[in-house]
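The values are calculated or read from the model by the stated rules, or taken from the named source; none is laboratory data. Because the structure is a prediction, the values reported are computed rather than measured. Positions of Cβ are generated from backbone atoms using ideal geometry, with glycine treated the same way; all protein chains shown enter the neighbour counts. These accessible areas exclude ligands, DNA and RNA; they are computed on the full protein's heavy atoms, side chains included. Shrake-Rupley method; radii C 1.70, N 1.55, O 1.52, S 1.80 Å.
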Amino acid sequence: MTDIAERPQVTDAVAEVNAWLEENWDPDLTVAEWWERLGLSGWAAPGLPENAYGKGLNRNDSVAAQKAIADFGALSAPGGLGLMLAAPTIAAHGTQEQIDLYVRDIVTGQKAWCQLFSEPGAGSDLAGLQSRAVKDGDEWVVTGQKVWTSGGQVADLGMLIARTDPDVPKHQGITYFAIDMHQKGVEIRPLVEMTGHAMFNEVFMEEAVVRDDALIGGLNNGWAVANTTLMNERASLGSGGGHAAASAATPGTVVKDLAKRAGDFVSGGGKGKGKAKGGGAGGGGMFAAGYQLLVELAKGNGKINDASVRQDLMRLHTLNELGRFNSLRAKAAKAIGLPDVPGLPNISKLSMSEIVRQQRDVGLRIIGPYGTLHGYTGEAIAKNNEATGNPFAGMVTGMALFAQAPPIYGGTDQVQKNIIGERVLGLPKEANNDKTAAFKDLPKNA
Ligand SMILES: Cc1cc2nc3c(=O)[nH]c(=O)nc-3n(C[C@H](O)[C@H](O)[C@H](O)COP(=O)(O)OP(=O)(O)OC[C@H]3O[C@@H](n4cnc5c(N)ncnc54)[C@H](O)[C@@H]3O)c2cc1C
């Protein structure tokens, strides 16, 4: 075990990034110029290894360093699924050429990514996916449908998993590719959620083409590669996590933030210390802010005098604190070189689901009938605010509508419980033959 004194401490990473920012942050650079500087310095994704445009820092130091960029008042690293999922996956499984091709463009914000995993018949049972990739010379021809693709409409590239061998058991015939989203064979259709936003999409691939050198981690080894992506996803979710790398500007070529002034994405124009205008809410702070908002609203309209509302708020506070303690527990174990606490990421994700549900229920009780008003456009929101005289009521309704999502994405609550049951507690798995039978012989959508 490494002695704790030998390992870089959080304060070292924060001090180091602050010193670098003093020298390098310039609000008058374009977003592209700033992200190029930040990305090539290793501070955009300091948790990546040094050969993959990172600094090889552990997760705690890396999250602290990313948060320090926002605290300094500089524009944060390019957010999104490229930095969160594609970069660590390619760093772990890609060749150096692939790292230089893909990860460089991610850390410098040049390209945005989406995750093409889930299909209409393959979500929890992801290995049952049916999109096919067939070799044709030095290319692969991909046909199939993906769904729930977050950010697909603004992505340049996709992390695609597709079936390359239906004659072997389902986990063994999958391959991982980096697919170009801007091509004739890829059609993206946004899906409007009940929040009024269109965060995710259906993606139809009809003879879409992927070059052979865009195959990541070896033919038919896609399940192992996808698990690296999923592991990073789960580690980034949980109780309030996952936002250290969020940025107010959007990476990639579609949104066209790259040519804008970097300082315009941080409050005060980036001249002094300030916060990024959007994103950057790290750790459990996001949920704590939701709780504080509800307390203030309850004080404002007298609902705080209702004993059962106070009880519900206390329950929310307790859940937030438990989430915070769990992440401190995970950090403490890491800091002294202990292995991960078994099942803790799954428990954290379950606890996040519980928090958003509790937030939804108590929030709607506090704002009462105002909770039935929800604006889908800026104009409608302004009208609602005028009618209720309370601009925060709309935020509570928005949070309540979104509360359905976290218990589903990154693996549903039931799937998290299955993992804890089977892999942590050692309970028997449901009997089936999907580890031995060829994929083509398994029942589909059963
Ligand atoms: C906001 C949001 C963003 C998303 N973004 C992406 C993205 O960018 N890319 C992507 O690829 N996917 C994305 N997803 C998809 C997400 O990963 C899937 O929705 C999720 O894995 C569940 O799959 P499903 O929707 O097919 O549900 P199903 O797997 O059909 O599950 C339906 C229900 O059955 C339960 N169930 C299923 N199997 C079991 C079992 N074995 N034991 C007990 N219960 C079970 C589930 O818990 C659920 O309640 C996103 C989802 C959401 C909500």
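Out of 202, 193, report the one residue that is open to solvent by less than 70 Å² (accessible area, probe 1.4 Å), part of a loop (DSSP other than H, G, I, E, B) and within 16 Å of the ligand (Cβ to nearest atom). Please lay out each step first, then the result.
Details: 202 fails: part of a loop (DSSP other than H, G, I, E, B).
Residue meeting the stated conditions: 193.
Quick one: would you say residue 179 is near the ligand (Cβ under 9 Å from one of its atoms), within 24 Å of residue 224 (Cβ to Cβ), assigned to a strand (DSSP E or B) and of a type outside the set (Asp, Glu)?
Judged against the criteria, residue 179 is not a match.
If the condition is being touching a residue at least 40 places away in the same chain (Cβ under 8 Å) and open to solvent by 10 Å² or more (accessible area, probe 1.4 Å), then the stretch 34-44 contributes 36, 40. For the stretch 352-373, the criterion of being surrounded by fewer than 16 Cβ atoms within 10 Å (Cβ to Cβ), touching a residue at least 60 places away in the same chain (Cβ under 8 Å) and either within 16 Å of the ligand (Cβ to nearest atom) or within 27 Å of the chain's Cα centre (by Cα) (or both) is met by no residue.
Of the residues 389, 378, the single one that is more than 16 Å from the ligand (Cβ to nearest atom) and at positive phi is 389.
Pairing residues of the stretch 413-441 that are among the basic types (Lys, Arg) with residues that are within 15 Å of the ligand (Cβ to nearest atom), at Cβ distances under 7 Å and at least 6 apart in sequence or on separate chains, gives 429/422. Can you pull out the residues in the stretch 404-437 that are small (Gly, Ala, Ser) and at pLDDT 95 or above? If the condition is that a residue be small (Gly, Ala, Ser) and at pLDDT 95 or above, then 421, 426 are the ones that fit. Scanning the stretch 120-162 for residues being near the ligand (Cβ under 8 Å from one of its atoms), crowded, with 19+ Cβ neighbours inside 10 Å and either free of Cβ contacts under 8 Å to residues at least 60 places away in the same chain or not in a loop (DSSP other than H, G, I, E, B) (or both) gives a total of 6.
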